Amino acid sequence: MRLERSDPQRHGHLARLATNGVAAPVVSDRAIPDDRLVSGAASRQSGTTMPRHSLAFRVSCIAVVLGATACSSTIDRSALGATTTTSSTVAPTTTSSTITTEAPTTTEAPTTTTEPPIVTKGGVLKVANAANVDLAASRLTNEFAAMGFDVRDATNSAGPDRELEVSKIYVVAGSEAVAFSVSRLMGGIEVYAMTTPAWIKGGTEGLADATVLIMLGKDLAKVELDDMTD
């Protein structure tokens, strides 16, 4: 005789597994022989070992529950790892520019030297030949006269200045402007105060009214006035 029984506890457990999305183990509802039921009941009553099919059923249920928990854990970790955050930093672009400023060119004004004008009035010239060169004093006298100076006749030197290597000028006080103008025209020769006596033929009386005495030496005796100027 076969008996079909329903285990309410087992069906409740399967229902909970289905609710959690876990596949329930396939358990056959086929009829269990009487001798197994009796044997199982006797075993429980006597405290002997549980029938093998009942133990296998429970082990299968535990395995299904553990597998469901593991799968759930894996899915959660994958879901957590699915979010990827990408951070990017763009370096600012720096533009550098160099401005070169050149100093303005400065043009210096040419230096202008203003020389005082040649003074021809305010003194009287007399030329003495101290180079022993014929007619040298007369030629120079004529050149000064042509420039507008007041002149007297040429003469010869005497005394210590009878023969000179370098030309020079003697001046009476008051005629310095004319004496220095003559010096410039003759290349800047030295100017001295008039001596007493004057070192010319006739001495101081030979000067007469002359106030600027030119002693023409060997350095300029053969040079024309235009070539004497610096």
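The values are calculated or read from the model by the stated rules, or taken from the named source; none is laboratory data. Please read these numbers as outputs of a predicted model, since none were measured by experiment. When we count neighbours, we look across all protein chains shown, and the Cβ atoms used for this are built from the backbone with ideal geometry, even at glycine.
Collect the residues in the range 197-226 that are over 17 Å from ALA130 (Cα atoms) and modelled with pLDDT of 95 or more, keeping them in residue-number order.
Within the range 197-226, GLU205, ALA208, ASP209, ALA210, THR211 meet the criteria.
For the range 119-137, which positions are touching a residue at least 24 places away in the same chain (Cβ under 8 Å) and more than 15 Å from ILE200 (Cβ to Cβ)?
Hits for the range 119-137 are VAL119, THR120, LYS121, GLY122, GLY123, VAL133.
If we keep just the residues of the range 120-158 that are small (Gly, Ala, Ser) and assigned to a loop (DSSP other than H, G, I, E, B), which is surrounded by the fewest Cβ atoms within 10 Å (Cβ to Cβ)? Let's see the steps before the verdict.
Start the filter on the range 120-158 by keeping residues that are small (Gly, Ala, Ser), which leaves 122-123, 128, 130-131, 136-138, 145-146, 148, 154, 157-158.
Those still in the list that are assigned to a loop (DSSP other than H, G, I, E, B) too: 122-123, 130-131, 148, 154, 158.
Working: GLY122: 15, GLY123: 21, ALA130: 27, ALA131: 21, GLY148: 9, ALA154: 20, ALA158: 17.
Ranking the qualifying residues of the range 120-158, first place goes to GLY148.
Scan the range 190-216 for residues that are surrounded by fewer than 20 Cβ atoms within 10 Å (Cβ to Cβ) and either within 18 Å of THR141 (Cβ to Cβ) or small (Gly, Ala, Ser) (or both) and report the count.
Adding up the residues that qualify gives 7.
What are the pairs, 6+ residues apart or on separate chains, where a residue within the range 138-152 that is farther than 14 Å from LEU220 by Cβ and modelled with pLDDT of 95 or more has its Cβ under 9 Å from a residue that is in a loop (DSSP other than H, G, I, E, B) and among the basic types (Lys, Arg)?
Hits for this filter: GLY148/LYS121; PHE149/LYS121; ASP150/LYS121.
On the basis of being at pLDDT 70 or above and in contact with a Lys or Arg (Cβ under 8 Å, 6 or more places away or on another chain), does ALA130 make the cut?
yes
Residues of the range 158-187 being of a type in the set (Gly, Ala, Ser) and in contact with a Leu (Cβ under 6 Å, 6 or more places away or on another chain), which ones?
Step one: of the range 158-187, the residues of a type in the set (Gly, Ala, Ser) are 158-159, 167, 173-175, 177, 179, 181, 183, 187.
Result: SER167, single match.
Would you check if there is a residue in the range 159-179 being in contact with a helix residue (DSSP H, G or I) (Cβ under 6 Å, 6 or more places away or on another chain), assigned to a loop (DSSP other than H, G, I, E, B) and touching a residue at least 40 places away in the same chain (Cβ under 8 Å)?
Looking through the range 159-179, none of the residues is in contact with a helix residue (DSSP H, G or I) (Cβ under 6 Å, 6 or more places away or on another chain), assigned to a loop (DSSP other than H, G, I, E, B) and touching a residue at least 40 places away in the same chain (Cβ under 8 Å).
Do you know which residues across the range 194-225 are free of Cβ contacts under 8 Å to residues at least 60 places away in the same chain and part of a helix (DSSP H, G or I)?
GLY203, THR204, GLU205, GLY206
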